Amino acid sequence: MAKLEKTLSGDFDALLERIENGILSGSSTASLEDKSDFTGSNSRCSVRVFERYSATGSNRLSLSLTLFQDETGIIKLSAITAGGSKGMLFKINTLGEDAFLDKLSELI
């Protein structure tokens, strides 16, 4: 697993759209597997789960993304990848997971 956490500012909807479009156009095998959106009186949360094929790991891996914005307007991002390694007891070859997060880093 690889993880990226950031505190951001700006337009929540524009950021989410940029991430979705960028991830999906960044790999011919990328897909949006599912999504969920919540709103409160002064907050909102969007969850996205992406998947793509990793040639380096010869398998598929996922990226789970959560964006949260509270009444202050600050946006919290948490992204976690999984599935891009080999090995039964130890994680080997996590390059695919890191590459997925690198693409997200370029977008934010």
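Quick one: Ile23 ticks every box in (1) in contact with a helix residue (DSSP H, G or I) (Cβ under 7 Å, 6 or more places away or on another chain); (2) among the aliphatic types (A, V, I, L, M); (3) modelled with pLDDT of 95 or more bar one, so which box is it?
(3) is the only condition that Ile23 fails.
Taking only region 13-51 into account, find how many residues are assigned to a helix (DSSP H, G or I) and surrounded by fewer than 17 Cβ atoms within 10 Å (Cβ to Cβ).
Let us first name the residues in region 13-51 that are assigned to a helix (DSSP H, G or I), namely 13-25.
If we keep only those that are surrounded by fewer than 17 Cβ atoms within 10 Å (Cβ to Cβ) too, we end up with 13-14, 17-18, 21-22, 24-25.
Qualifying residue count, region 13-51: 8.
State which residue pairs qualify: first residue touching a residue at least 60 places away in the same chain (Cβ under 8 Å) and within 20 Å of Asp98 (Cβ to Cβ) and inside region 17-44, second residue open to solvent by 40 Å² or more (accessible area, probe 1.4 Å) and basic (Lys, Arg) in any location, beta carbons under 6 Å apart, and separation of 6 or more residues or different chains.
As it stands, the answer is Gly26/Lys103, since those pairs meet every condition given.
The values are calculated or read from the model by the stated rules, or taken from the named source; none is laboratory data. Just so it is clear, the structure is predicted and the values come from calculations on it, not from any experiment. So basically every Cβ, Gly included, is an ideal-geometry build from the backbone, and we count neighbours across all protein chains shown. Side chains included, ligands, DNA and RNA excluded: accessible areas come from the protein's heavy atoms. Shrake-Rupley method; radii C 1.70, N 1.55, O 1.52, S 1.80 Å.
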